[in-house]
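Trainee: Below you will find the structure I want to go over with you.
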Amino acid sequence: MRPSETSRGSGIHRTKSVEQSIRDTDEPDTKLRKDLGTWDLIVFGVAVVIGAGIFTLAASTAGNIAGPSVSLAFVIAAVACGLAALCYAEFASTVPVAGSAYTFSYATAGEFVAWIIGWDLVLEFAVGSAVVAKGWSQYLGQVLSLGGGDVSTSVSLGFFSFDWGALLLVAALTTLLYLGTKLSSRVSFVITAIKVAIVLLVVVVGLFYVRAANYTPFIPPAAPASSGGSVLTQSLLSFLGGGASSTFGIYGLLAAASLVFFAFIGFDVVATTAEETRNPQKSLPRGIIGSLVIVTVLYVAVSLVLTGMVPYTELATVGEKKATLATAFTSLGVDWAAAVISVGALAGLTTVVMVLMLGQTRVLFAMSRDGLLPHGLSRTGKHGTPERATLLVGGAVGVAATFFPAGALEEMVNIGTLFAFVLVSIGVVILRRTRPDLPRAFRTPLVPLVPILSVLACLWLMLNLTVETWLRFVVWMVIGLVVYFAYGRAHSRLGIES
């Protein structure tokens, strides 16, 4: 066996070969069942991406940050995602192993960088699951209130609140994921079909209320930050560029692109199911790119209709009440459409949480199989799923969603995902040079130009996140370093065997 087929380097720089990663998938006690096809992957991608972006984020971002140009912000974010998606597609088809960016980084940049990206994906998937679960709970309250009365899904407990709606959702989805990925895919397909139909209905109905005057000014003039704003809530780019704020204007548009990036988070979850796909070389690229194209078209259509229906000023946050997609219809007296949107949001956010939790369990599965986390988390049960990892993720997400406020966690998820995209894009270039012999069912075009553009686009979006988000991200990564050097490095399976 050639050295390139086992591992290279030593210490924290040791890399795990692609061949070794693939061989590990055949171990009996950690073997995942191959149940997924191309359409399953596209459904997962659309299921996880269509959610908060359409039903909540588009309206509030238009009202508070970008105005009608929020549709352009979606396009900018989609371009960055598209460049990264091309890199993900090559990696996923070349290294069809669970773990997504974590596994890819282990094969190119080494164990230390792989750990960093794995810890980073915890931030994306687990925290994202908790944030969206709380949004689901709020919509549940709205749906239950449609019959009259005011139903709250959260009970105050002094310093904490008990969000029984979020807990109910996480418990149900944990059970579903425990029972099998194929079952999860079937449920996801039904719910995704419902929410896509509702989104299309919103676009068609909304077109009858669009007024061209509402698109002017398309990029509103820059405005001072809202009361209570500070340097910490200003985008890093605006702060470095000497801007007074990142509210409206060009800085507002760029900040909005970084914020609505949250709406696209999840297409990379498709890559985490590589090991459970029957024909990963063909299905993974189609699933990743296909789902991204579909959701981009829907996002731009919805944001154009939304900002054309009412002036963007009517979508501004008032107190703690954020505007949603239903806000525009309610203000025009189309209450039946607002009710349909609430039901659609409930369905939409359900699949978002489910697929994010699926991605998180697969990342933990891959890291524990490599020994960087306790090995027991990688054991699969009779349902062909990593049952212990699934229960752990369900418990952690359940606690976070039930007792803690969402706060500014959306931006935390964004910065973690963008950082993962940067490392994957760099990894494509590295693997092309170190392992040109590997068969690649899909090849990222124009290498190294596309990966370089992907890195630059993601870094640009990261600069447009707030100073406060950057500080929190640094703290999170420091905690990850402590965990790696206290446990992961000593228990690394590659380190022990080499």
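Taken together, the values in this text are just the output of simple stated rules run on the coordinates, not laboratory data. Only a predicted model underlies this, so the values are computations on that prediction, with no experimental measurement involved. Positions of Cβ are generated from backbone atoms using ideal geometry, with glycine treated the same way; all protein chains shown enter the neighbour counts.
Trainee: In the range 255-340, which GluC sites (Glu not before Pro) fall in coil by DSSP and have 15 or fewer other Cβ atoms within 10 Å? Don't skip to the answer; put the middle values down first.
Mentor: Values: sites: E275, E276, E314, E320; in loops: E320.
Filter output for the range 255-340: E320.
Trainee: I've got another one for you. Would you work out the relative contact order for the range 13-160, in percent, from Cα pairs under 8 angstrom that are 6 or more residues apart?
Mentor: Once normalised by length, the contact order is 29 percent.
Trainee: Related question: Please list, in order, the residues from the range 125-168 whose amide nitrogen is less than 14 Å from a point placed 7 Å along the Cα→Cβ vector of T175.
Mentor: Correct set: 167-168.
Trainee: Apply the Karplus parameterisation 6.51 cos²θ - 1.76 cosθ + 1.60, with θ equal to phi minus 60°, to every residue of the range 460-477 and state each ³J(HN,Hα) to the nearest whole Hz, in sequence, with x for glycine and proline.
Mentor: Couplings: 4, 5, 4, 5, 8, 8, 6, 4, 4, 5, 4, 5, 5, 5, 4, 4, 4, 5 Hz.
Trainee: With N set to the residue count of the chain, report its C-alpha Rg divided by 2.2 N^0.38 Å to two decimal places.
Mentor: Working: Rg = 22.0 Å, N = 498, 2.2 N^0.38 = 23.3 Å.
Normalised Cα radius of gyration, the chain: 0.94.
Trainee: Whole-Hz Karplus ³J(HN,Hα) for the range 248-253, in order, using 6.51 cos²θ - 1.76 cosθ + 1.60 and θ = phi - 60°, x for Gly and Pro?
Mentor: Result, rounded to whole Hz: 6, x, 5, 4, x, 4.
Trainee: Between V482 and W336, what length in nm is gained on full extension when 0.36 nm per residue of separation is reduced by their alpha carbon distance?
Mentor: On the way: separation 146, 0.36 × 146 = 52.56 nm, distance 5.25 nm.
Contour length minus Cα-Cα distance gives 47.3 nm.
Trainee: Could you give the dipole magnitude of the range 37-497 about its Cα centre, charging the beta-carbon of Lys and Arg +1 and that of Asp and Glu -1, in debye to the nearest 20? It would help to have the intermediate numbers written out before the result.
Mentor: On the way: 23 positive and 20 negative charges, 188 e Å.
In total the dipole reaches around 900 debye.
Trainee: Something else now. In which sequence would F442, F125 go, from the one with the fewest C-beta neighbours within 10 Å to the one with the most? All intermediate terms of the calculation are to be shown ahead of the outcome.
Mentor: Working: F442 20, F125 32.
Placing the least packed residue first, the sequence is F442, F125.
Trainee: Work out from phi, with θ = phi - 60° and the Karplus expression 6.51 cos²θ - 1.76 cosθ + 1.60, the ³J(HN,Hα) of each residue of the range 32-44, listed in order in whole Hz, and give x for Gly and Pro.
Mentor: In residue order, the calculated couplings are 8, 7, 8, 10, 9, x, 4, 5, 4, 5, 4, 4, 4 Hz.
Trainee: By count of other Cβ within 10 Å, fewest leading, how are D120, D335, D150 ordered?
Mentor: Working: D120 25, D335 12, D150 8.
Lowest count first: D150, D335, D120.
Trainee: Can you tell me, using C-alpha contacts under 8 Å and at least 6 residues apart, the relative contact order of the range 37-497 as a whole percent? Numbers along the way, then the final one.
Mentor: Numbers: 843 pairs, mean separation 165.5, N = 461.
It comes to 36 percent, rounded to a whole number.
Trainee: Taking R0 as 45 Å, what's the FRET efficiency between T216 and R379 from their Cβ-Cβ distance, rounded to 0.05? Could the numbers behind the result be given before it?
Mentor: Working: r = 60 Å, r/R0 = 1.33.
With a Förster radius of 45 Å, E is 0.15.
Trainee: Note down the nm distance, to one decimal, between modelled labels 7 Å out along Cα→Cβ at S145 and at F404.
Mentor: In this crude label model, S145 to F404 measures out at 2.7 nm.
Trainee: Okay, moving on. Which of I65, I116, I479, I288 comes first, and how do the rest follow, when ranked by fewest Cβ neighbours within 10 Å? Don't skip to the end; give the middle numbers.
Mentor: Numbers: I65 30, I116 20, I479 10, I288 27.
Lowest to highest Cβ neighbour count: I479, I116, I288, I65.
Trainee: While we're looking at this one, here's another question. What longest region of the chain stays clear of trypsin sites (Lys or Arg not before Pro) that DSSP places outside H, G, I, E and B and that have at most 11 other Cβ atoms within 10 Å? Could you put the intermediate results ahead of the total?
Mentor: Working: sites that count: R211, K382.
That would be 1-210.
Trainee: Under a crude label model (7 Å from the Cα following the beta-carbon direction), how far is S152 from V297 in nanometres?
Mentor: 4.4
Trainee: Any idea what angle helix 387-403 forms with the longest principal axis of the chain, computed on alpha-carbon atoms, 0 to 90 degrees, nearest 10?
Mentor: 30
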